[in-house]
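Just passing along the structure, written as structure tokens.
The values are calculated or read from the model by the stated rules, or taken from the named source; none is laboratory data. This structure is a prediction, so every number in the text was calculated from the model and none was measured. Every residue, glycine as well, gets a Cβ built from its backbone with ideal geometry; the counts of neighbours run over all protein chains shown. For accessibility, only protein heavy atoms count, side chains too; no ligands or nucleic acids. Shrake-Rupley method; radii C 1.70, N 1.55, O 1.52, S 1.80 Å.
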Amino acid sequence: MTVTRTTHNTHSSTPAPRRLRTGIAALALAISPLAMAADVSIGVVANGLIVDSVYTAADLAEKQGLDVKVVEFTDWVIPNTAVINGDVDINYFQHEVFLENEEKTRNFDLVPLAYGMEGLIGVYSLKINSFDELKPGSQIAVADDPVNQGRGLKLLEQAGLITLPDGIGIKASIHDIIENPRNLKFVEVPGPQTPRSLEDVAAAVSYPHYIKGSGVMDPADALLFERDNTHKFALRFVVHPDNVDNQQIRQFIRIYQDSPEVKQSLLEAFGNETLYKHAWEDFPPLEVKL
């Protein structure tokens, strides 16, 4: 078996990863026939080194006679569309809040079948060592999608930089800010590209695995980390309702959750075990409350 790394690039300028294992190109939803012919095809987002943990699980699955193909996307919408259309069997890239927003705004019908890893979010900078050094009018990079932008703004509010309306939570956007005493300017960029902005902005809200994958700085050196114990930001393995009882999909998820090799891959992706969690360890396998 060969694991297929197929990259779909619709509107993102992110180049195809240099870790490409099989030189197969595809456009939009023209999924590789190799992925369609596999026992299990899984869609992921080319979001740094976390993807390697999926490839590790796919390699381990081969030893159990399970043919798994991995399809990479650079878009945060198409992986769900691909599951809906049956182009891939399962995807692994989104947390609960993102999925709920997608289901509401795009009328998707998807099932979060099991938990995966859970990463933190932090405020990073190459130019300041504390928020006290942040000058009036400084630029801050935040994710351009509504869910991760809201999550990032809540962290900036926690840092005392802005004030958001009471009760708005992670639904906040930059247009909802009601107090901004330092007149900070917010630059919206795709989440995976936030580390690239650090050369140009005073600070950026980003995920440690993006920072680690970019090599711009130590992912543990954030000015501030968000701490959340609800697991609502843990990644989910998501399937079409017709695939909830698919035993091959369940076999692959168990391989991912049970394998020391996968845990080692995640450790390498983050570089520090304090920056993420194995969310599935707090729940019975394959039992996510809907």
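With the checklist (1) touching a residue at least 12 places away in the same chain (Cβ under 8 Å); (2) within 30 Å of residue 123 (Cβ to Cβ) in hand, flag the one item residue 246 doesn't pass.
(2)
Failed condition for residue 243, given (1) more than 24 Å from residue 58 (Cα to Cα); (2) polar (S, T, N, Q); (3) surrounded by 14 or more Cβ atoms within 10 Å (Cβ to Cβ), with all others met?
Of the numbered conditions (1) more than 24 Å from residue 58 (Cα to Cα); (2) polar (S, T, N, Q); (3) surrounded by 14 or more Cβ atoms within 10 Å (Cβ to Cβ), the odd one out for residue 243 is (1).
Still on this structure, please answer the following. Residue check: is residue 65 surrounded by fewer than 23 Cβ atoms within 10 Å (Cβ to Cβ) and either closer than 22 Å to residue 192 by Cβ or at pLDDT 95 or above (or both)?
In short, yes.
Across segment 159-173, what is the total count of residues that are under 24 Å from residue 99 (Cβ atoms) and open to solvent by 10 Å² or more (accessible area, probe 1.4 Å)? Lay out the reasoning, then the answer.
Looking only at segment 159-173, we keep the residues that are under 24 Å from residue 99 (Cβ atoms), and these are 164, 167-173.
Of the ones still in play, those that are also open to solvent by 10 Å² or more (accessible area, probe 1.4 Å) are 167-171, 173.
The total comes to 6.
Anything in segment 91-113 that is part of a strand (DSSP E or B) and under 15 Å from the mean Cα position of the chain (by Cα)? List them, or say none.
Residues of segment 91-113 part of a strand (DSSP E or B): 91-95, 111-113.
Result: 91, 92, 93, 94, 95, 112.
Being assigned to a helix (DSSP H, G or I) and either in contact with a helix residue (DSSP H, G or I) (Cβ under 6 Å, 6 or more places away or on another chain) or touching a residue at least 40 places away in the same chain (Cβ under 8 Å) (or both) narrows it down to one of 53, 41, so name that one. Let's see the steps before the verdict.
Numbers: 41 fails: assigned to a helix (DSSP H, G or I).
After ruling out the rest, the residue left standing is 53.
A further question on this structure: Give me the residue from segment 199-230 that is among the polar types (S, T, N, Q) and at pLDDT below 95 and, out of that set, nearest to residue 98 (Cα to Cα).
My answer is 230.
Yes or no, residue by residue, for (1) touching an Asp or Glu at 6+ places or on another chain (Cβ under 8 Å); (2) part of a strand (DSSP E or B); (3) open to solvent by 40 Å² or more (accessible area, probe 1.4 Å):
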{"position": "137", "(1), (2), (3)": "no, no, no"}
{"position": "148", "(1), (2), (3)": "no, no, no"}
{"position": "151", "(1), (2), (3)": "yes, no, no"}
{"position": "154", "(1), (2), (3)": "yes, no, yes"}
{"position": "181", "(1), (2), (3)": "no, no, yes"}
{"position": "188", "(1), (2), (3)": "yes, yes, yes"}
{"position": "204", "(1), (2), (3)": "no, yes, no"}
{"position": "210", "(1), (2), (3)": "no, no, no"}
{"position": "219", "(1), (2), (3)": "no, no, no"}
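Can you tell me which of 132, 144, 109 is within 27 Å of residue 81 (Cβ to Cβ) and surrounded by fewer than 13 Cβ atoms within 10 Å (Cβ to Cβ)?
Residue meeting the stated conditions: 109.
Each row is one residue, and each column tells you yes or no for (1) at pLDDT below 95; (2) over 13 Å from residue 114 (Cβ atoms).
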{"site": "232", "(1), (2)": "yes, yes"}
{"site": "235", "(1), (2)": "yes, no"}
{"site": "249", "(1), (2)": "no, no"}
{"site": "256", "(1), (2)": "no, no"}
{"site": "263", "(1), (2)": "no, yes"}
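Can you go through 83, 88, 70 and tell me which one is assigned to a strand (DSSP E or B), over 15 Å from the mean Cα position of the chain (by Cα) and closer than 20 Å to residue 246 by Cα? Lay out the reasoning, then the answer.
On the way: 83 fails: assigned to a strand (DSSP E or B); 88 fails: assigned to a strand (DSSP E or B).
Exactly one residue qualifies, and that residue is 70.
Sticking with this structure for a sec: Any idea which residue in segment 267-290 is modelled with the lowest pLDDT, counting only those that are of a type in the set (D, E, K, R) and either within 22 Å of residue 239 (Cβ to Cβ) or part of a helix (DSSP H, G or I) (or both)? Write out each step before concluding.
Kept after step one, since they are of a type in the set (D, E, K, R), are these residues of segment 267-290: 268, 273, 277, 281-282, 287, 289.
Restricting the remaining residues to those that are either within 22 Å of residue 239 (Cβ to Cβ) or part of a helix (DSSP H, G or I) (or both) gives 268, 273, 281-282, 287, 289.
On the way: 268: 88, 273: 91, 281: 89, 282: 81, 287: 50, 289: 42.
Among those residues, the one meeting the criterion is 289.
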